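The values are calculated or read from the model by the stated rules, or taken from the named source; none is laboratory data. As the structure is a prediction and not an experimental result, all values here were calculated from the model. Cβ atoms come from the backbone with ideal geometry, glycine included; neighbour counts cover every protein chain shown.
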Amino acid sequence: MPAESGKKLFVGPRFRRIRQQLGLSQTQIAEGLGISPSYINLIERNQRPVTAQILLRLAETYDLDLRDLASADEDRFFAELNEIFSDPLFRQIDVPKQELRDLAELCPGVTHALQRLYAAYAEARQGETLAAAQMADRDVGTRYEANPVERVRELIEANRNYFPELEQAAETLRDELNVPAEGLYAALATRLREKHSIQTRIMPVDVMRETLRRFDRHRRQLLISELVDPAGRAFQLAFQLGLGECAQHLETIIGRAGPLDDAPRRLFRITLANYFAAAVMMPYPAFLAAAEALNYDIHLLAQRFNSGFEQVCHRLTTLQRPNARGIPFFLLRVDNAGNVSKRFSSGTFPFSKFGGTCPLWNVHSTFDTPDRLLKQVIELSDGTRYFSIAQMVRRPVAPHPLPQPRFAIGLGCEIRHASRLVYAAGMDLEKAEGTPIGVNCRLCERENCAQRAEPPITRTLILDETTRRVSSFVFSNAREL
């Protein structure tokens, strides 16, 4: 967010995002900057400019890299807008890329509204009967709510997957328990019993059947299936404590999200309680210090904090505390059919909101090499390069003859951060050849890709029965308008 000295900027939405990411009220940030709360309010509503001096004071007071804070959100918003406006629905509308970038930068609220509107349209178009019925319902009391999973993902992205209230509560709990990682399960069980009168019981699979955790309110019992591994058991106890001891924090965060229907509200609460549980198992200061000392060796971190591979990878995407940031990672979880069940980004990786992933990304190859961690330099069509690692995980064990659930975890960062990772040791990152990938097939305009599953929606398909090329789809070089 560069600016010349004395230059006035109207950047209210960006300023508001920074304040919310810091977990500060308008009064608190006004005190830190030495200006009045009313002036902060006017800045955030774009009714007063923010000078370069104020921005510099903000950066110095809270140890912020303002360019990174601004560009991460704006790049993500721009990528999502670009995906939306590539749809054939807008074929007759030529929207310049710069206009989309201006919209992402200056009007994030409008950008968010467009995302939700397009998500609703996409669900209806794909034959989601319930979504279509909701959209068509003309009752005054009925309001269409987008897919709750996507809605919660939006809320997590808006907070950069960092919730300071929950981090502080988790650290306080760990300080009170004062136990090493291997003693955490017993300490959490004692806390539940003594403070909340909840008894923890590990139950046989023939009793729990397909359920992994169940809280019996009447008997005040937390029942956990024997299929859950030790790391998962500690996580489930911390989750239960989060619902009870952090209820006020959860409601405060949910309240900041604005009006929510019941489904996304419940899912957001569950997601936040999961966040708290991970923070209890891997408290921020100790975990960040260990990650830096171990050069982000995931298996060693999992061993030290008595956690699973996926738990550690997920936790690494949350290290966005002002004055103590980790590497801005992105994470993807897919099954062997390519379905995406998790995606988080504390950086700028442009995940697709309305499609799968590129088959050339080796996260899909982990199912063929289940005991190996794969690494790869990937390059998007705009020349942006990333370093990623991927590994298959199994969770939890399923009784015979049910299929054993398998997922692939992909974790990555911009190439400029890769030298800090143990996995990039000995690599010449500047000269390493990057695998050219796309966001997904429908948006990728790379030609002659043997893995292409469908033509890009921004190009005209060319059909020629006399020729068979490497790619099943041949398309024109000119964009459709």
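Summary table
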{"read-out": "Unique residue being more than 19 Å from the chain's Cα centre (by Cα), surrounded by 15 or more Cβ atoms within 10 Å (Cβ to Cβ) and farther than 21 Å from H299 by Cβ when the list is E433, E454, E447", "value": "E447"}
{"read-out": "Residue match in the stretch 165-182 (condition: at pLDDT 75 or above, outside any helix (DSSP H, G or I), surrounded by fewer than 19 Cβ atoms within 10 Å (Cβ to Cβ) and under 26 Å from the mean Cα position of the chain (by Cα))", "value": "no"}
{"read-out": "Residues of the stretch 428-455 classified as assigned to a loop (DSSP other than H, G, I, E, B) and touching a residue at least 40 places away in the same chain (Cβ under 8 Å), total", "value": "17"}
{"read-out": "Output for the stretch 380-398, where each listed residue is part of a strand (DSSP E or B) and hydrophobic (A, V, I, L, M, F, W, C)", "value": "F387, I389, A390, M392, V393"}
{"read-out": "L227 vs. criteria over 29 Å from P401 (Cβ atoms), among the hydrophobic types (A, V, I, L, M, F, W, C), outside the structural domain of R394 (by TED's automatic domain parsing) and not in a strand (DSSP E or B)", "value": "no"}
{"read-out": "Check on P401, surrounded by 16 or more Cβ atoms within 10 Å (Cβ to Cβ), free of Cβ contacts under 8 Å to residues at least 24 places away in the same chain and either in contact with a strand residue (DSSP E or B) (Cβ under 9 Å, 6 or more places away or on another chain) or in a loop (DSSP other than H, G, I, E, B) (or both)", "value": "no"}
{"read-out": "Any chance R395 is of a type outside the set (S, T, N, Q), surrounded by 13 or more Cβ atoms within 10 Å (Cβ to Cβ) and in contact with an Asp or Glu (Cβ under 8 Å, 6 or more places away or on another chain)", "value": "yes"}
{"read-out": "Pairs where the first residue, in the stretch 365-385, is at pLDDT below 90 and the second is of a type in the set (V, I, T) and assigned to a loop (DSSP other than H, G, I, E, B), C-beta under 9 Å, 6+ apart", "value": "L380/I437; L380/V439; S381/I437; S381/V439; T384/T348"}
{"read-out": "Identity of the residue in the stretch 41-65, modelled with pLDDT of 80 or more and closer than 12 Å to I18 by Cα, that ends up surrounded by the fewest Cβ atoms within 10 Å (Cβ to Cβ)", "value": "A59"}
{"read-out": "Tally of residues being within 19 Å of N161 (Cβ to Cβ) and either assigned to a loop (DSSP other than H, G, I, E, B) or basic (K, R) (or both) across the stretch 244-264", "value": "5"}
{"read-out": "Qualifying residue in the stretch 469-481 (condition: surrounded by 15 or more Cβ atoms within 10 Å (Cβ to Cβ), modelled with pLDDT of 85 or more, touching a strand residue (DSSP E or B) at 6+ places or on another chain (Cβ under 6 Å) and not charged (D, E, K, R))", "value": "no"}
{"read-out": "Answer from T357, T366 - the residue that is surrounded by 20 or more Cβ atoms within 10 Å (Cβ to Cβ), of a type in the set (S, T, N, Q) and within 17 Å of the chain's Cα centre (by Cα)", "value": "T357"}
{"read-out": "Candidates Q240, Q303, filtered to the one that is modelled with pLDDT of 95 or more, surrounded by fewer than 19 Cβ atoms within 10 Å (Cβ to Cβ) and of a type in the set (S, T, N, Q)", "value": "Q303"}
{"read-out": "Residues that are closer than 14 Å to Y423 by Cβ and part of a loop (DSSP other than H, G, I, E, B), drawn from the stretch 362-379", "value": "R372, L373"}
{"read-out": "Residues of the stretch 188-209 satisfying the condition of being part of a helix (DSSP H, G or I) and farther than 14 Å from F235 by Cβ", "value": "T190, R191, R193, E194, K195, H196, V205, D206, V207, M208"}
{"read-out": "Residue ID - surrounded by the fewest Cβ atoms within 10 Å (Cβ to Cβ), chosen from residues in the stretch 280-299 that are assigned to a helix (DSSP H, G or I) and in contact with a Gly (Cβ under 9 Å, 6 or more places away or on another chain)", "value": "E292"}
{"read-out": "Selection from the stretch 201-217 of residues that are over 20 Å from V397 (Cβ atoms) and within 31 Å of the chain's Cα centre (by Cα)", "value": "F215"}
{"read-out": "Count - residues of the stretch 291-315 that are at positive phi and within 18 Å of the chain's Cα centre (by Cα)", "value": "0"}
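Listed here are the residues, each with its yes/no results for (1) under 29 Å from R304 (Cα atoms); (2) under 23 Å from the mean Cα position of the chain (by Cα); (3) not small (G, A, S).
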residue: A186; (1), (2), (3): yes, no, no
residue: E226; (1), (2), (3): yes, no, yes
residue: L237; (1), (2), (3): yes, no, yes
residue: L243; (1), (2), (3): yes, yes, yes
residue: A257; (1), (2), (3): no, yes, no
residue: L260; (1), (2), (3): no, yes, yes
residue: N274; (1), (2), (3): yes, yes, yes
residue: P283; (1), (2), (3): yes, yes, yes
residue: A289; (1), (2), (3): yes, yes, no
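Rundown of residues vs (1) modelled with pLDDT of 90 or more; (2) part of a helix (DSSP H, G or I); (3) more than 30 Å from the chain's Cα centre (by Cα), yes/no style:
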residue: Q21; (1), (2), (3): no, yes, no
residue: T27; (1), (2), (3): yes, yes, no
residue: E31; (1), (2), (3): yes, yes, yes
residue: I35; (1), (2), (3): yes, no, yes
residue: Y39; (1), (2), (3): yes, yes, yes
